[in-house]
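**Q** Structure below; questions to follow.
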Amino acid sequence: MNSSPLERFPGVFGVGGLLIFLVALSVSLVLPLIAIFGDAEDTATVEDLAANPEGSGFADLAEMFPEIFSDIYPEGASPANYADALERGRDLYIENACFQCHTQNVRPFETGYYGAAANPREQNNDLMHPSLIGFRRVGPDLSRYGGTRETQWVVNYLYDPTALVSEAVAMPAYPWFYDEGCDLVVNPDALCVPNEDGIAIIAYLQWLGDYQPIETLEEDTEGETQ
């Protein structure tokens with residue numbers, strides 16, 4: 001009875017299989033890594049993002065709550081303090097699982113709702129490492145949320161969402177971002193006073209969308225004119 005080639009030359013086929021595996025591994029892992037790191041752009045640091053606090057939500061908070069703000073940040077709304085607040089706010093965003101209900105990723109078929117589709121360049125910064133594109137969208141996409149609402153509105157909304165938007169029943173309240181109570185139902189004109197964590201996460205939310213590299217804007221414009 002004649003044996004098959006596989007039975008007669010097991011070593012040859014074993015080596016051949018190993019070579020095929022190594023080639024597949026290099027194609028699926030090594031080559032993509034070379035492509036990524038070979039054409040990698042410099043990542044914007046938090047210090048880069050916070051270089052100009054003027055006009056930011058962080059500066060708004062400094063004007064709205066001067067005494068509390070100066071206790072937390074004696075040097076005022078400086079770039080260094082803004083960087084610290086942004087990092088702390090991003091960490092609080094993660095700790096409170098905000099990414100479970102909000103995305104930071106506009107898909108191409110959603111441009112009518114949220115503007116231009118997400119571009120890797122606008123997410124190439126330290127506040128998006130790790131990526132916070134989100135899991136599902138119970139609430140709106142927040143990738144460019146900053147500035148869509150006045151800072152005062154965001155301050156009160158985090159304390160009691162349904163007092164400002166009755167339909168926002170899925171949005172939890174975050175009273176631990178405030179040291180004192182604030183009854184917006186009885187007094188709709190009240191201004192809730194955030195603590196250090198509250199200032200940080202509000203500054204972060206009002207920053208979202210601020211980092212827009214020139215290349216991203218140019219590409220979006222080209223796409224609209226084609």
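The values are calculated or read from the model by the stated rules, or taken from the named source; none is laboratory data. Everything numeric in this text was worked out from a predicted model, so none of it was measured. Using ideal geometry, Cβ is built from the backbone for each residue, glycine included, and neighbour counts are taken over all protein chains shown.
**Q** Can you pull out the residues in region 117-144 that are surrounded by 20 or more Cβ atoms within 10 Å (Cβ to Cβ) and not in a helix (DSSP H, G or I)?
**A** Within region 117-144, 118, 132, 141, 142, 143 meet the criteria.
**Q** Which one is farthest from residue 93 (Cα to Cα), of the residues in region 171-185 that are out of contact with any Phe, Trp or Tyr (no Cβ under 7 Å at 6 or more places or on another chain) and in a helix (DSSP H, G or I)?
**A** 176
**Q** Also: Of the numbered conditions (1) surrounded by 13 or more Cβ atoms within 10 Å (Cβ to Cβ); (2) modelled with pLDDT under 95; (3) under 26 Å from residue 53 (Cβ atoms), residue 215 fails exactly one; give the number of that condition.
**A** (1)
**Q** Quick one: what pairs do we get from region 120-146, first residue among the β-branched types (Val, Ile, Thr), second assigned to a loop (DSSP other than H, G, I, E, B) and surrounded by fewer than 16 Cβ atoms within 10 Å (Cβ to Cβ), C-beta under 9 Å, 6+ apart or different chains?
**A** 138/170
**Q** Continuing with this model, one more query. Looking only at region 3-53, which residues are polar (S, T, N, Q) and at pLDDT below 80?
**A** 3, 4, 26, 28, listed by residue number.
**Q** Suppose we filter 99, 65, 135, 69 for residues that are among the hydrophobic types (A, V, I, L, M, F, W, C) and touching a Cys at 6+ places or on another chain (Cβ under 9 Å); which single one remains? Spell out the reasoning first.
**A** Details: 99 fails: touching a Cys at 6+ places or on another chain (Cβ under 9 Å); 65 fails: touching a Cys at 6+ places or on another chain (Cβ under 9 Å); 69 fails: touching a Cys at 6+ places or on another chain (Cβ under 9 Å).
Only one candidate passes the filter, namely 135.
**Q** Counting just the residues of region 64-101 that are in a helix (DSSP H, G or I) and of a type in the set (Phe, Trp, Tyr), which one comes out surrounded by the most Cβ atoms within 10 Å (Cβ to Cβ)?
**A** The selected residue is 82.
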